[in-house]
Amino acid sequence: MRIVLLGAPGSGKGTQTDAITERYGIPTVATGDLLRAEVAANTELGQQAKPYMDAGDLVPFDIVLGMIENGLKKLAEANSNGFMMDGFPRDLAQAEALDQLLDKINQPLDLVLFFEVDYEEIVGRLLGRGRADDNEETIRNRLRVYEEKTAPLIEYYTRKGLLRKVKGTGTIDAIGERIRAVLDEIA
Ligand code: AP5
Ligand code: MG
């Protein structure tokens, strides 16, 4: 299955991926995790990306696209059972680029799971986590960037008939159960 996880920062995308991978054998490609690994290893790419991440802005498209192309290539080589994208695409340009990449290999998306969580709950969750970009100012900007650039993808994928909404509040297990219901229906 080829799945995109869509939702605001803190909506719980990363939290749910392990359980999905374990149950369905679908590996995750998470651009935020890949970027944080580059920053931690102090690579040139990491050095380029860091100021954007610290500010909560989107990292330039060419950097992220290269990582996705690499990720898809590795998954193809590993003969994986599709993929889950966490944190990508983030705007219309990225969504269109992903469509083109997948068209080329004749493997279109099956599903976009949209995590519905209100902003008040999100801010509380992120302040409680304490990742490098989880301070109030950066969180506010991440939410602004999400509203402006990422939220339009809800409409984009609805029009393609791919979007399914999942209520992203409650216990982690309860949300996992809702996700399983959708995946079992589609599989
Ligand atoms: P990214 O790593 O994608 O971070 P984000 O968008 O800010 O989202 P989060 O990881 O914070 O949210 P999440 O939905 O995964 O929530 P989580 O499960 O962690 O991106 C970081 C930066 O990298 C961006 O700002 C940008 O600079 C750059 N970047 C990344 N991708 C890019 C791209 N494609 N293009 C350009 N730039 C890109 O949960 C959050 C917290 O809530 C956790 O503490 C968790 O334990 C808790 N929690 C989860 N579920 C629940 C629950 N049910 N109840 C209570 N708490 C919960
Ligand atoms: Mg995440």
Can you tell me which lysines have their Cα less than 23 Å from the Cα of Lys149? Leave out same-chain residues fewer than eight positions away.
Lys13, Lys50, Lys160, Lys165, Lys167
Which whole-number percent of Cα pairs in the stretch 39-187 have a distance greater than 27 Å?
31 percent
Going by how many other Cβ atoms sit within 10 Å of their own, how do Leu113, Leu143 line up, fewest first?
Leu143, Leu113
Shape call, the stretch 120-172: gyration tensor on alpha carbons, a/c limit 1.5:
oblate
The convex hull of the Cα atoms of the stretch 62-113, divided by residue count, gives a volume in Å³ per residue of 84 Å³
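Taken together, the values in this text are just the output of simple stated rules run on the coordinates, not laboratory data. What you are looking at is a predicted structure, and each value in this text was computed from that prediction instead of being measured. Because the Cβ atoms are built from the backbone with ideal geometry, glycine has one as well, and the counts that use them run over all protein chains shown.
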